[in-house]
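Engineer: A single structure is presented below for examination.
Just so you know, all these numbers are worked out from the coordinates, no wet-lab data involved. Bear in mind that the values here come from a model prediction, so they are computed numbers and not experimental data. Note: ideal-geometry Cβ built from the backbone for every residue, glycine included; neighbour counts use all protein chains shown.
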Amino acid sequence: MQSTSQSDLASGLGAAEAARRLAQDGPNDVPEKPSHPLLRFAGKFWGLSAWMIELIAAISVVLHKSADFAVAIALLLANAILSFIQEQRASSAVKALRQRLQVTARVLRDGAWIGIPARSLVRGDVVRLRAGDFVPADVQVAAGSVRADQSALTGESREIARAGGDPLYSGSIIRDGEATAVVTATGIRTYFGRTTELVASAHPKLHVEEVIGGVVKWLLLIVGVLVAIAVAVSLLEGKTLAEILPLALVLLMSAIPVALPVMFTVSMAVGSVALAREGVLVTRLSAADDAANMDTLCADKTGTLTLNRLALAGTAPRPAIAGDEIIRCAALASNESDQDAIDLAFLKAAKERKLLTGAEAVSAFEPFSAATRRTAATVASGGRRYRVTKGALRTIAVLCGLDTADLEKIESDSLAQAEKGYRALAVADAGETGPWRFLGVAYLYDAPRPDSARLIRDLAALGVRVKMLTGDALPVAREVAKSFGLANIVRVPKATAAGAGGIDAALIERSDGFAEVFPEDKFAVVGALQRAGHVVGMTGDGVNDAPALRQAEVGIAVSGATDVAKSAASVVLTTEGLEGIISLVRNGRAIYQRIVTWIINKVSSALLKAGFVVAALLLTGRFVISALGMVLLVFLTDFVKIALATDNARPSQQPETWHIAPLIRVSVVMGILMVLEALGLLAFGWRRYGLAHDPGGLRTFSFEMLLYLSLFSIISFRERRAFWRSRPSPTFAASILGDAVVGIAIGMFGLAEMHPIPPVRLAVLIGACLVLTLGVNDPVKTWLVRRSALRP
């Protein structure tokens, strides 16, 4: 292991030397072994829908139907190529997003602490580690001490202590303490040879997938019964199994979500890329799913509702103590390398007042923790050693042994400042040994973000109630909350004093926020809201926020969050404030709308295809469409449904719900209505055009009718209101137009067993489908939506 003596702990590596080592050793990551594109493409020919088309092609060869065979193979190839291209694009987009979510390391370069991507670290870099960080490379501790969790590497759950000279391995998590360390190995040269990338390839099962799985099971059952009826009738009429089997398979295939995997992948990728432009990085697919249903957001005050730029507002020194002495000691009890907002505020104030000479040497630093509620440092200056500390008012007062009267006076004065929104921290000093001396109180101010009140109102208009969580004292919290329009702020202990599991659920429901919150309180609040039936979002930034972020349906790591918080969250914000959360909600609800459109189309179109074919068989005694025509029909309509992933869906103004029984009822009614309309059009064509004596024309007529009823229905179903109330996206409109052109070409020129039909007949048929679907069915759909629990 490289000795720390080979690196300058005061200035770190120079930029030129770091660049040389990066070129020599390569980036600090372990390259993934990507699957070969040809293997991924070959996978498109393996699966239920692919097998059915391949079986139809094989039967066509046996029956010497070369044209059918050629078209089936062409469809198989086209489906594979389109799916492969779409998934490649989606995969590239997601890969680009993941690059933005890599661990950032605090490194000393050319004498300045900066943040760089962990993959840019090189041997000899001086890094700073603190609670909540992933260890970005193999390192040797040079100064300080930490407790680290290496369970992800070794399986050993016990935390280990590491101090000067001890090694720490890439991928470990710092649970407590702070340390300066020197990088000893990177990339594949690390002890465990593993990448330190933050975002794991986690793909939790989405609730929407379970819902659609249930819908598809019912569809298969209904279509299966219809197919069984068709097979039985055909066999009784003397048809051979070779004639029946291809069409029966295609009818079953119409109930299978052939395009669903590609549609989901593209929809999530498109949504994720759009959110990334607005500073929202989605790390788990479930985030968009749950964001559509989220009705409560527990928002951390600091950095989300406020600017997270603390500034010194003033001091209240004890008698005979200068205000500058409070600032100087508070600055010495701060650590610039940690980039903590409180520490930076004191360091900036001390620098502006020139209170530090540069001769002060900090020999030991004790970072803030929830247990001690203070920071402390041992300083050597001017030939003497002394100690300084800053922290919570009561903690420092007890440490200094103040009597009750003194403490009450100080708290009373601080309370008056808190009503102005100021945060009070006490400061003390002491000799190398001996008692602490209370120096006084410093007041800090974190200004509310100017847009927070508006954004909270915008979320309320979307049906999402915001609850503010803060560790500040109650008076400070109430004063800040007033500017956000949040009136009912209470101490969190009151909310955890009663009720099941120690939670007063009624108070949590009524309150607009909580003060004096500890990390474990956040977890309890989230759990109580979930038990009350809410879908909860939670913002956080620290290592102790991870349990609450993981517990919430939508865990949101705010800008500047620790690595552990980011890994626990399903969404990472790269900009401050709530704007990104509003974008997340709207995006999730837009995706929900696209999936709703897909479900309505899938149910109604499956009923249309299967119901029409079976009913026509019972009425005419023949199959009015060929197996090839049905395959082409399924392919063309699924091609459009993939384009739904890019459609201009209108997000709802209220949280969504996956109680879709009303949705299914609407779909079934519309499917039955279209079957009746299709049978009516068939009867018209049967009498007017003599289709009974023209089998090839009959197949074309039925194909065109089913195609245009399906296409115009997609246009109608994409909007819960009247179809003309919103414009489709260019991609979606182009896919509809492309399908329409293909349909016209097949109608005019024929294909395999489908013979050409006169242009006038084709125009009449398309016009009839247009009038029935958008003129009759669309108002029926709108009326059904209003009658159902669906929101228009």
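Engineer: Within segment 335-401, which trypsin sites (Lys or Arg not before Pro) sit in a loop by DSSP and count at most 13 neighbouring Cβ atoms inside 10 Å? Before the final figure, lay out the partial values.
Structural biologist: Working: sites: LYS348, LYS351, ARG353, LYS354, ARG373, ARG374, ARG384, ARG385, ARG387, LYS390, ARG394; in loops: ARG353, LYS354, ARG373.
Here the trypsin sites (Lys or Arg not before Pro) that fit, given the DSSP loop and packing criteria, are LYS354.
Engineer: For ILE229 and ARG147, calculate 0.36 nm times their separation in residues minus their Cα-Cα distance, and state this gained length in nm to one decimal.
Structural biologist: Working: separation 82, 0.36 × 82 = 29.52 nm, distance 6.93 nm.
Computed gain between ILE229 and ARG147 is 22.6 nm.
Engineer: Could you grab the Rg to Rh ratio for segment 382-481? Cα atoms only, Kirkwood for Rh. Provide the component values of the computation, followed by the final result.
Structural biologist: Working: Rg = 18.4 Å, Rh = 15.9 Å.
The Rg/Rh ratio comes out at 1.16.
Engineer: Give the residue list of trypsin sites (Lys or Arg not before Pro) in segment 716-753 that are DSSP loop and have at most 14 other beta-carbon atoms within 10 angstrom. Please report the intermediate quantities before stating the final value.
Structural biologist: Numbers: sites: ARG718, ARG720, ARG721, ARG725; in loops: ARG718, ARG720, ARG721.
Here the trypsin sites (Lys or Arg not before Pro) that fit, given the DSSP loop and packing criteria, are ARG721.
Engineer: Still on this model: Find the relative contact order for segment 674-792 and round it to a whole percent, using C-alpha pairs within less than 8 Å whose residues are 6+ positions apart.
Structural biologist: About 33 percent, as a whole number.
Engineer: Here's another thing I want to ask about it. So which GluC sites (Glu not before Pro) in segment 374-478 pass both tests, a DSSP loop state and at most 15 other Cβ atoms within 10 Å of the Cβ? Could the numbers behind the result be given before it?
Structural biologist: Numbers: sites: GLU408, GLU411, GLU419, GLU432; in loops: GLU419, GLU432.
Passing both the DSSP loop test and the Cβ count: GLU419, GLU432.
Engineer: Which FRET efficiency value, to the nearest 0.05, is calculated for LYS239 and ARG277 with the Förster distance at 60 angstrom and r the Cβ-Cβ distance?
Structural biologist: On the way: r = 57 Å, r/R0 = 0.95.
So, using R0 = 60 Å, E works out to roughly 0.55.
Engineer: Mean projection of the alpha-carbon convex hull of segment 527-625 over all orientations, in nm²?
Structural biologist: 10.0
Engineer: To the nearest 0.05, what FRET efficiency results for HIS64 and ARG309 with a Förster distance of 51 Å applied to their C-beta separation?
Structural biologist: Working: r = 79 Å, r/R0 = 1.54.
Efficiency for this residue pair is about 0.05.
Engineer: Report, by chain and number, residues whose modeled amide H sits under 5 Å from the one on ARG465, excluding near sequence neighbours (fewer than 5 apart, same chain).
Structural biologist: Those lying under 5 Å, H to H, from ARG465 are THR296, LEU297.
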